[in-house]
Amino acid sequence: MPVLDIKTFPDPVLNRACRQVREVTQEVRELARDMAETMYQAPGVGLAAPQVGHDLRLVVVDCSEPEEGQNPIVLINPRIVEAEGATVFEEGCLSVPEYTCDVERYERVVVEAMDLDGEPITIEGEGLMAICLQHELDHLEGRLFLDRISPLKRSMYKKRRLKQIKKDQA
Ligand code: K2U
Ligand code: ZN
């Protein structure tokens, strides 16, 4: 059950629109299992395949309370079919180190996907789950929450991050 390496900005895999999962193979099952393990260890409430270097339309989410135990929801080829309302949440991202910012999202979304058994599933999300689903599905389009904030804030973060990487490499 290996914990996977989480890619961070500016890794190009984070900017790629991901490929549809054609078939739920053993490799896809193992990747979903390892993504869940990696998510819990981070800790996080969601993780998308590009964050661990796979440009596949696959995410895992678990917004349940820790005392409720681990109940990862695996979503294959997810898409938003309903979206309404507006809400603002201070988001972070496991692939965007040391930065949080207010992001506006839909308040409620309905997502249709396929589960690991190849069966269709529908998830209705409100509150944190709605935000998490939108955040993870953005990852599948190669979009980070940075792409939903002002250009000034984005450029300031990118400049600071690239400077930090150079400093770490010196
Ligand atoms: O995709 C990721 O980087 C995982 C994020 C997803 C997320 C970001 C913002 C808001 C909701 C979900 C991680 O879960 S960040 C850690 C976290 C934990 C609890 C609540 C919010 C964020
Ligand atoms: Zn993220």
Looking at the stretch 109-157, which GluC sites (Glu not before Pro) are DSSP coil and have at most 15 other C-beta atoms within 10 Å of their C-beta?
Glu141
Largest-first principal axis extents of the Cα set of the stretch 1-134 (Å):
38, 34, 34
Can you list the aspartates and glutamates whose alpha carbon sits under 19 Å from that of Lys167, skipping same-chain ones fewer than 8 residues off?
Asp11, Glu98
Degrees between helix 151-169 axis and first principal axis of the chain (Cα, 0 to 90, nearest 10)
80 degrees
Qualifying trypsin sites (Lys or Arg not before Pro) in the stretch 97-170, DSSP loop, other Cβ atoms within 10 Å at most 16:
Arg143
Which net charge results when you count Lys and Arg as +1 and Asp and Glu as -1 among the other residues whose beta-carbon is under 13 Å from that of Asp34?
-2
Using Cβ counts within 10 Å as a stand-in for footprinting exposure, how do Val81, Val74, Val59 rank, fewest first?
Val81, Val74, Val59
Non-local amide H neighbours of Ile121 (under 5 Å, H modeled in plane, Pro and chain starts lacking H): which ones?
Ala113, Met114, Asp115
The relative contact order of the stretch 12-169, taking Cα pairs under 8 Å that sit 6 or more residues apart, comes to a percentage of 23 percent
In debye to the nearest 20, how big a dipole does the chain give about its Cα centre with +1 on each Lys and Arg Cβ and -1 on each Asp and Glu Cβ?
1380 debye
Folded to 0 to 90 degrees: helix 26-41 orientation relative to the chain principal axis, Cα
50 degrees
Which peptide among 60-71, 28-39 comes first, and what is the full order, when sorted by highest mean count of other Cβ atoms within 10 Å?
28-39, 60-71
By the scheme Lys and Arg +1, Asp and Glu -1, what is the net charge of all other residues having a beta-carbon under 13 Å from that of Pro43?
-3
Relative to the longest principal axis of the chain, what angle (0 to 90°, nearest 10) does the C-alpha long axis of helix 127-140 take?
80 degrees
Please list, ordered by chain and number, the residues whose modelled amide H lies under 5 Å from the amide H of Gly46; skip anything fewer than 5 residues away on the same chain.
Asp62
Which whole-Hz ³J(HN,Hα) couplings does the stretch 81-87 yield from phi under the Karplus relation 6.51 cos²θ - 1.76 cosθ + 1.60, θ = phi - 60°, glycine and proline marked x?
10, 9, 8, 8, x, 8, 8
Whole Å is fine, so just give me how far the alpha carbon centre of the stretch 91-170 lies from that of the stretch 6-70.
12 Å
Once every DSSP H run of n ≥ 4 in the chain is given -39500 (n - 2.57) and the sum is divided by its residues, what mean residue ellipticity at 222 nm do you get, rounded to the nearest 500 deg cm²/dmol?
-9500 deg cm²/dmol
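Quick note: the coordinates plus some simple rules give every number you see, no bench work behind them. What you see is a predicted model; the values in this text were computed from it and never measured. Every residue, glycine as well, gets a Cβ built from its backbone with ideal geometry; the counts of neighbours run over all protein chains shown.
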